[in-house]
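Enquirer: Quick one: this structure, given as structure tokens, is what I'll be asking you about.
The values are calculated or read from the model by the stated rules, or taken from the named source; none is laboratory data. In this text the structure is predicted, and so the values were computed from the model without any measurement. Note: ideal-geometry Cβ built from the backbone for every residue, glycine included; neighbour counts use all protein chains shown. Each accessible area value is taken on the protein alone, full model and side chains, heavy atoms only, with ligands, DNA and RNA left out. Shrake-Rupley method; radii C 1.70, N 1.55, O 1.52, S 1.80 Å.
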Amino acid sequence: MKVAFIGLGNMGLPMALNLLKAGYSVTGFDLVQSQVDVFSAAGGRAEESAASAVGDVDIVISMLPASRHVEGLYLGSDGILANASPTALLVDCSTISPKVAKDVSHAANARGFAMIDAPVSGGTAGAQAATLTFMVGGNVKDFERARPLLEKMGRNIFHAGGNGSGQTVKVCNNMLLGIQMLGTSEALRLGIANGMDPKVLSDIMTKSSGQNWALELYNPCPNVMENVPSSKNYAGGFGVDLMLKDLGLAVENARDLSASTPLGDLAHHLYELHSNAGNGTLDFSSVFNLTKVN
Ligand code: NAD
């Protein structure tokens, strides 16, 4: 089985390395040479362009920043649809708009390609440890065809529904995560303003009805937990600007469907304020500092 991997960034590179470790023959391409060099050193076959990387493979995987990059890569004249073998299965793992995912997969189907959207959750640590969660949109036959490969990069592989539904789940999940982190920060700040020790407060709320993932596993208050970004000056982890991008997808998706997401809208606004204040590259749990009581 030959695989092409396009987009060897923070997520794509460790995912591609896990495929190499599993014994797949992987051809790769990225615009950043230093990323390609690490891929080559690990046994990957580097190509000069996406077009040449996808010419002769069974599965193409892409892991790009945003919707516009995915549209460009698949639909452009030197892109994947123009250059891959029509028997190849196309798997886009980027987090993009559900609408763009549907549009690109329809264009792929019209050219005879099978395509699924397969965004991930689990961050760079999950990408390195091959413990990602995949949420897949597309038909069941294509999902089953991709599954053995996805299992080499992830631990939980879900079929969500038709094309675009992987992205819908990802957008809903990350909107909830962004809101949850703000709510958790606000509650901790209120307790601290009352003179509470944030660790005692967190321990009690973790065993009470306010329990949630941000509080229990990714506490935003410095030094409540070890080995989380808040205890390392908010370095590493999942950046504010990536959360802002995902909340932007949620807001745009809700607008397209006339759905009501007032908390998602507010969260988008608050992360934007936080990013504009110069915090875009910090971990998203740094919104704890936005909720500071002076
Ligand atoms: P990244 O910016 O580190 O990597 C993206 C890579 O794509 C870059 O190396 C860039 O050079 C490359 N690229 C862009 N256009 C290209 C093109 N036309 N051809 C070839 N390469 C191209 O981003 P990342 O952190 O790896 O995230 C990738 C996707 O995964 C995003 O959609 C992100 O939202 C999603 N995601 C990220 C995380 C995370 O924790 N970083 C977690 C879950 C999902």
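Enquirer: Take region 31-70 and flag every residue that is of a type in the set (D, E, K, R) and in contact with a strand residue (DSSP E or B) (Cβ under 6 Å, 6 or more places away or on another chain).
Expert: So the first thing to find is which residues in region 31-70 are of a type in the set (D, E, K, R), and the list is 37, 45, 47-48, 56, 58, 68.
Listed by number, the residues that qualify are 45, 47, 58.
Enquirer: Still on this structure: Scan region 40-64 for residues that are in a loop (DSSP other than H, G, I, E, B) and closer than 24 Å to residue 142 by Cβ and jot them down. Quick ask: steps written out before the conclusion?
Expert: Taking region 40-64 first, the residues in a loop (DSSP other than H, G, I, E, B) are 42-44, 47-49, 55-58, 63-64.
55, 56, 57, 58, 63, 64, listed by residue number.
Enquirer: Could you please let me know if residue 73 is near the ligand (Cβ under 10 Å from one of its atoms), outside any loop (DSSP other than H, G, I, E, B), in the same structural domain as residue 119 (by TED's automatic domain parsing) and in contact with a strand residue (DSSP E or B) (Cβ under 9 Å, 6 or more places away or on another chain)?
Expert: Details: near the ligand (Cβ under 10 Å from one of its atoms): yes; outside any loop (DSSP other than H, G, I, E, B): yes; in the same structural domain as residue 119 (by TED's automatic domain parsing): yes; in contact with a strand residue (DSSP E or B) (Cβ under 9 Å, 6 or more places away or on another chain): yes.
So residue 73 passes the test.
Enquirer: Right, something else. Which number in (1) part of a helix (DSSP H, G or I); (2) more than 16 Å from the ligand (Cβ to nearest atom); (3) in contact (Cβ under 8 Å) with a residue 12 or more places away in the chain marks the one condition that residue 152 misses?
Expert: Going through the list (1) part of a helix (DSSP H, G or I); (2) more than 16 Å from the ligand (Cβ to nearest atom); (3) in contact (Cβ under 8 Å) with a residue 12 or more places away in the chain, residue 152 breaks only (1).
Enquirer: Please find, among 43, 7, 23, the residue that is in contact with a Ser or Thr (Cβ under 7 Å, 6 or more places away or on another chain) and on the phi > 0 side of the Ramachandran plot. Steps first, please.
Expert: Values: 43 fails: in contact with a Ser or Thr (Cβ under 7 Å, 6 or more places away or on another chain); 23 fails: in contact with a Ser or Thr (Cβ under 7 Å, 6 or more places away or on another chain).
Result: 7 is the single residue among 43, 7, 23 that is in contact with a Ser or Thr (Cβ under 7 Å, 6 or more places away or on another chain) and on the phi > 0 side of the Ramachandran plot.
Enquirer: Looking only at region 225-255, which residues are away from the ligand (no atom under 15 Å from the Cβ) and open to solvent by 60 Å² or more (accessible area, probe 1.4 Å)? If you could, list the steps in order and put the result at the bottom.
Expert: The first filter runs over region 225-255 and keeps only residues away from the ligand (no atom under 15 Å from the Cβ), leaving 225-227, 230-233, 251, 254-255.
Hits for region 225-255 are 226, 227, 232, 233, 255.
Enquirer: Which condition from (1) within 14 Å of the ligand (Cβ to nearest atom); (2) farther than 16 Å from residue 149 by Cα; (3) crowded, with 21+ Cβ neighbours inside 10 Å; (4) free of Cβ contacts under 8 Å to residues at least 40 places away in the same chain is the one that residue 108 breaks?
Expert: Among (1) within 14 Å of the ligand (Cβ to nearest atom); (2) farther than 16 Å from residue 149 by Cα; (3) crowded, with 21+ Cβ neighbours inside 10 Å; (4) free of Cβ contacts under 8 Å to residues at least 40 places away in the same chain, residue 108 violates only (1).
Enquirer: Among the listed residues 64, 8, 81, 20, identify the single one that is away from the ligand (no atom under 11 Å from the Cβ) and closer than 25 Å to residue 107 by Cβ.
Expert: The unique qualifying residue is 81.
Enquirer: Oh, and also: For residue 167, are the conditions met, namely being assigned to a helix (DSSP H, G or I), in contact with a Gly (Cβ under 7 Å, 6 or more places away or on another chain) and touching a residue at least 60 places away in the same chain (Cβ under 8 Å)? Spell out how you get there, then give the answer.
Expert: Working: assigned to a helix (DSSP H, G or I): yes; in contact with a Gly (Cβ under 7 Å, 6 or more places away or on another chain): yes; touching a residue at least 60 places away in the same chain (Cβ under 8 Å): yes.
Yes, satisfied.
Enquirer: Looking only at residues that are assigned to a helix (DSSP H, G or I) and surrounded by fewer than 22 Cβ atoms within 10 Å (Cβ to Cβ) in region 122-141, which one is nearest to the chain's Cα centre (by Cα)?
Expert: That would be 123.
Enquirer: Let me ask something additional. Output the qualifying pairs, or none if there are none: Cβ atoms under 7 angstrom, residues six or more apart or on different chains, first residue in region 255-269 and farther than 16 Å from residue 168 by Cβ, second residue of a type in the set (Phe, Trp, Tyr) and open to solvent by 90 Å² or more (accessible area, probe 1.4 Å).
Expert: none
Enquirer: Could you grab me the full set of residues in region 34-59 that are modelled with pLDDT under 95 and either open to solvent by less than 60 Å² (accessible area, probe 1.4 Å) or within 14 Å of the ligand (Cβ to nearest atom) (or both)? It would help to see each step written out before you state the result.
Expert: Of the residues in region 34-59, the ones modelled with pLDDT under 95 are 55-56.
Hit for region 34-59 is 55, nothing else.
Enquirer: Go through (1) closer than 24 Å to residue 283 by Cβ; (2) hydrophobic (A, V, I, L, M, F, W, C); (3) surrounded by 19 or more Cβ atoms within 10 Å (Cβ to Cβ); (4) within 16 Å of the ligand (Cβ to nearest atom) one by one and return the number of the condition residue 182 breaks.
Expert: Every condition holds for residue 182 apart from (4).
Enquirer: Given (1) over 22 Å from residue 9 (Cα atoms); (2) touching a strand residue (DSSP E or B) at 6+ places or on another chain (Cβ under 7 Å); (3) in a loop (DSSP other than H, G, I, E, B), identify the lone condition not met by residue 94.
Expert: Result: residue 94 fails condition (1) only.
Enquirer: Out of curiosity, is residue 170 out of contact with any Cys (no Cβ under 8 Å at 6 or more places or on another chain), loosely packed, with under 14 Cβ neighbours inside 10 Å and either of a type in the set (D, E, K, R) or over 19 Å from residue 250 (Cα atoms) (or both)? Before the answer, list the steps.
Expert: Details: out of contact with any Cys (no Cβ under 8 Å at 6 or more places or on another chain): yes; loosely packed, with under 14 Cβ neighbours inside 10 Å: no; either of a type in the set (D, E, K, R) or over 19 Å from residue 250 (Cα atoms) (or both): yes.
No: the conditions fail for residue 170.
Enquirer: Now for a separate question. Failed condition for residue 62, given (1) open to solvent by 50 Å² or more (accessible area, probe 1.4 Å); (2) at pLDDT 95 or above; (3) within 23 Å of residue 242 (Cβ to Cβ), with all others met?
Expert: Just one mismatch for residue 62, condition (1).
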